[in-house]
Amino acid sequence: MTTLQLTGAHLLDRMSPAERSRAERVESVLPALREAAADADARAAFPAGHTRLLRDAGLLGLVVPEEHGGLGGGLRDLAAATYAMGTACPSTALAYFFHNTSASRGLLPLEAIRAALFTAEETPVVTAFAERVLTAMASGSWLANFASESAKSSAANISIATTASRAEGGWVLSGEKSFGCATGVADLYLVTARLEKTDTAEGLAMFLVPRDAPGVTSRPPWNGLGMRGSANHGIRLDRVFVADPDALTVPGAFTRMLQVSRGSFVGNQLAIAAVYTGAAQAAYDYTLDLLTRKTFADTGRPIASSPMHQVLIGDMTQNLETAYQWLRRQLELETSEPPIRPKPEVFSQWRLGKGAVTEACFAVALGALKASGTSEARLDGVIGRTLRDLAMGLVMTFPAERGRLEAAKIATEAQENALFATLGENR
């Protein structure tokens, strides 16, 4: 009996039977994703049939617990899925990643309740919203997670200027979200907003907004680098009403949920690095196949055998392995039970890892361009598309330089505190 070779297994060396079963669902959609990838990039539009494709495969509930109707997967499943999709259509993989980050808005509140971080009075409201998010995903609703805004702060990676004002029976949202995949595609928009008259994270709240709710419009299409078929141009909210059952406005809910996360609150962030790694792997495979099939006219030897190409291929191989090592290490840190490192260390590792993975993946695509020559230097070719796709990883959320700066601050401040403690004890 032949065992199905799963793309996601290239990232996860060992899969449990349950993980393998979920990965087989992912594998079943890859041919359709791969077939639509070039057209999605050319038209800068999310492929219309992909929502139904992923819904019918049951994948919109991949990381939703079985008790809420989902497949019961975790971060390992999501990383394997986004990696596999990244080898076929990075745009779809990116949009799918952001859909799954929405699950953190259901999973983390329930975890915070178990950790006794909410009062008896708050618990029913928090539970209801969390279950609303999870059951919507499990039942086949695509969620677009909107947090990013054009407004920037020197003290934070993401600043929330969108406001929520109290109204009879609910809330009124106004603001603009500059980035969020599946704009105009998702069934529900999960919007993070700031309660009026608040200016700290204690006032952050979350709302479920139907795509076609009055006052919701799409921003102009975004003709950028990055993954052009992910519908990531963002939305505008002009006095959009959201009923109380679709809102989580308990003061401090955001910060209390953050306390129980293993990594970034944005939700399973390393799975976005898996998208980039999958895309880099696909570019690597394409280039290696191309250079070993093409031959020199005078010698008949493969182009890949020339000293220059051997150096480029060696560099690409090293960069690709660098991405895998960082990604697998972060996956271990965030999924091991019991935890093998304290949360601050896990967080610091991710600040370094995100930049290391994305820079290494971009270097793979750049090496592919150099090795393949002018015939492959096309915007509509595999290498050209991948180079643009992976360029987005250099800046999305934060660039590598900011990650290294923050990791250095964490390390030096911890050392300073240790030194002061030592001096104090010696007096």
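The values are calculated or read from the model by the stated rules, or taken from the named source; none is laboratory data. Remember, it's a predicted structure, so these values are computed and weren't measured experimentally. Positions of Cβ are generated from backbone atoms using ideal geometry, with glycine treated the same way; all protein chains shown enter the neighbour counts. These accessible areas exclude ligands, DNA and RNA; they are computed on the full protein's heavy atoms, side chains included. Shrake-Rupley method; radii C 1.70, N 1.55, O 1.52, S 1.80 Å.
Figures for the structure shown
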{"item": "Cross-chain or 6+ apart pairs with Cβ under 8 Å, the stretch 364-393 first and within 14 Å of residue 309 (Cα to Cα), then open to solvent by less than 40 Å² (accessible area, probe 1.4 Å) and among the aromatic types (Phe, Trp, Tyr)", "result": "364/284; 368/284"}
{"item": "Top-ranked residue of the stretch 220-251 - restricted to ones that are part of a loop (DSSP other than H, G, I, E, B) and open to solvent by 50 Å² or more (accessible area, probe 1.4 Å), ranked as nearest to residue 90 (Cα to Cα)", "result": "225"}
{"item": "Among the candidates 187, 199, residue that is at negative phi, within 23 Å of the chain's Cα centre (by Cα) and among the acidic types (Asp, Glu)", "result": "187"}
{"item": "Residue check for residue 368: within 24 Å of residue 37 (Cα to Cα), surrounded by 21 or more Cβ atoms within 10 Å (Cβ to Cβ) and over 17 Å from the mean Cα position of the chain (by Cα)", "result": "yes"}
{"item": "Criterion (under 20 Å from residue 268 (Cβ atoms) and of a type in the set (Lys, Arg)) met by exactly one of 43, 34, 105", "result": "105"}
{"item": "Residues satisfying the stated conditions in the stretch 1-26, i.e. open to solvent by 40 Å² or more (accessible area, probe 1.4 Å) and either in a helix (DSSP H, G or I) or among the hydrophobic types (A, V, I, L, M, F, W, C) (or both)", "result": "1, 4, 10, 15, 17, 18, 20, 21, 24, 25"}
{"item": "Residue 274 vs. criteria of a type in the set (A, V, I, L, M, F, W, C), at pLDDT 95 or above, part of a helix (DSSP H, G or I) and under 25 Å from residue 351 (Cβ atoms)", "result": "yes"}
{"item": "Residue match in the stretch 63-82 (condition: of a type in the set (Val, Ile, Thr), open to solvent by 10 Å² or more (accessible area, probe 1.4 Å) and closer than 27 Å to residue 283 by Cα)", "result": "no"}
{"item": "Every residue from the stretch 287-302 that is buried (at least 16 other Cβ atoms within 10 Å of the Cβ) and either at pLDDT below 95 or not in a helix (DSSP H, G or I) (or both)", "result": "none"}
{"item": "Residue in the stretch 68-82 that is more than 16 Å from the chain's Cα centre (by Cα) and free of Cβ contacts under 8 Å to residues at least 12 places away in the same chain present", "result": "no"}
{"item": "Residue satisfying condition, being at pLDDT 95 or above, exposed (fewer than 15 other Cβ atoms within 10 Å of the Cβ) and of a type in the set (Val, Ile, Thr), within set 123, 119, 127", "result": "119"}
{"item": "Selected residue [open to solvent by less than 60 Å² (accessible area, probe 1.4 Å) and polar (S, T, N, Q)] from 200, 183", "result": "183"}
{"item": "Matching residues in the stretch 40-58 - criterion: being open to solvent by 30 Å² or more (accessible area, probe 1.4 Å), assigned to a helix (DSSP H, G or I) and touching a residue at least 12 places away in the same chain (Cβ under 8 Å)", "result": "42, 43, 53, 55"}
{"item": "Checking residue 90 against (1) at pLDDT 95 or above; (2) surrounded by fewer than 24 Cβ atoms within 10 Å (Cβ to Cβ); (3) over 24 Å from residue 244 (Cα atoms); (4) touching a Gly at 6+ places or on another chain (Cβ under 9 Å), the condition it does not meet", "result": "(2)"}
{"item": "Filtered residues of the stretch 321-336 (kept if open to solvent by 10 Å² or more (accessible area, probe 1.4 Å) and out of contact with any Leu (no Cβ under 9 Å at 6 or more places or on another chain))", "result": "321, 322, 325, 329, 332, 336"}
{"item": "Qualifying position, being at pLDDT below 85, part of a helix (DSSP H, G or I) and open to solvent by less than 40 Å² (accessible area, probe 1.4 Å), among 421, 411, 407", "result": "407"}
{"item": "Qualifying helices (runs of 4 or more DSSP H) (wholly inside the stretch 67-169; at least 3 residues being of a type in the set (A, V, I, L, M) and in contact with a Leu (Cβ under 7 Å, 6 or more places away or on another chain))", "result": "75-88, 123-138"}
{"item": "Selected residue (criterion: farthest from the chain's Cα centre (by Cα)) from residues of the stretch 170-180 that are in a strand (DSSP E or B) and buried (at least 24 other Cβ atoms within 10 Å of the Cβ)", "result": "173"}
{"item": "Pairs, first over 15 Å from residue 270 (Cα atoms) in the stretch 325-351, second open to solvent by less than 80 Å² (accessible area, probe 1.4 Å) and not aromatic (Phe, Trp, Tyr), C-beta under 6 Å, six or more apart", "result": "341/333"}
{"item": "Tabulated pairs, the stretch 148-172, first closer than 14 Å to residue 192 by Cα and at pLDDT 85 or above, second assigned to a loop (DSSP other than H, G, I, E, B) and of a type in the set (Val, Ile, Thr), C-beta under 8 angstrom, 6+ apart or interchain", "result": "164/249; 171/249"}
